[in-house]
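Reviewing the structure listed below.
The values are calculated or read from the model by the stated rules, or taken from the named source; none is laboratory data. Here the structure is a predicted model, which means the values were calculated and not measured. Here the Cβ positions follow ideal geometry from the backbone for every residue, glycine too, while neighbour counts run over all protein chains shown.
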């Protein structure tokens, strides 16, 4: 029997509640489908709870366990009680993604059931049939660039992308498009303003020309895509690749189309699927402390 080692980071606030339900599903699969193998779950701290107990958002021991595992199951991290000081919960999450090289974040947007179409804030006639796979670059860009907190005068964040970082996310998008049977990939950028976006567009063009000649790549400005997503979302059906910040924002916007950010999954891959590729699996929603132990969390489960 195959064995699968999974590190569990329940995280903060509503994270443990949601993860507890996910574990029930894993145990049910293990019980009812013996061919799925045995799932070995190992709990560790991440985020605010780790800061409270160890002084850091992610310990070396927890990181080593995650890197050695077949997969990571993650709840949510953060909360207002940890503020914006030098040690913050999200630092642990960013370090986990970076150290595992979980560069490709998959965030699908669809209706799990046609009955949920009426729950969308958009008219059913507008959103019915939506089927997006947003692929967010996760380990570079604005969240990983040099930064400085406000010092009484200014603050700054910087965005840096290298050619190899863009190439690998473009390849992941191409692989997924072929797997889905799509004929195109939509690439988001701000090439009319940003140097990194002009590099992004150039590299994406090169990858698809040389490695995915059967796929058409369509470039879309990020702000234009945000407008289309609420005006005519099915126009964006298919695989969408996006830089880190844009992918973060637009995938949250897309999740609202399906009725709730609590309904859709997310997986951060460390490579192209098809082999034993580690991943970080988590819900899209955050820690939502206001809903901790509330009926709303029960619904999201």
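Tabulated data for the structure shown
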| quantity | calculated |
| --- | --- |
| Selection count, region 1-33, where residues are part of a strand (DSSP E or B) and either outside the structural domain of residue 81 (by TED's automatic domain parsing) or free of Cβ contacts under 8 Å to residues at least 60 places away in the same chain (or both) | 1 |
| Check on residue 228, touching a helix residue (DSSP H, G or I) at 6+ places or on another chain (Cβ under 8 Å), assigned by TED's automatic domain parsing to the domain that holds residue 131 and in a strand (DSSP E or B) | no |
| Subset of region 150-161 [free of Cβ contacts under 8 Å to residues at least 24 places away in the same chain and part of a loop (DSSP other than H, G, I, E, B)] | 150, 151, 152, 153, 154, 155, 158 |
| Matching option when the condition is surrounded by 14 or more Cβ atoms within 10 Å (Cβ to Cβ) and modelled with pLDDT of 95 or more, among 79, 145, 104, 55 | 104 |
| Any hit, region 69-79, residues being free of Cβ contacts under 8 Å to residues at least 60 places away in the same chain and either in the same structural domain as residue 171 (by TED's automatic domain parsing) or under 19 Å from the mean Cα position of the chain (by Cα) (or both) | no |
| Residue tally, condition assigned to a helix (DSSP H, G or I) and either surrounded by 22 or more Cβ atoms within 10 Å (Cβ to Cβ) or touching a strand residue (DSSP E or B) at 6+ places or on another chain (Cβ under 6 Å) (or both), over region 237-256 | 7 |
| Selected residue [in contact with a helix residue (DSSP H, G or I) (Cβ under 8 Å, 6 or more places away or on another chain), closer than 24 Å to residue 230 by Cβ and surrounded by 15 or more Cβ atoms within 10 Å (Cβ to Cβ)] from 136, 171 | 136 |
| Close pairs (7 angstrom Cβ cut-off, 6 or more residues apart or separate chains): in contact (Cβ under 8 Å) with a residue 60 or more places away in the chain in region 111-126, in a helix (DSSP H, G or I) and exposed (fewer than 10 other Cβ atoms within 10 Å of the Cβ) anywhere | none |
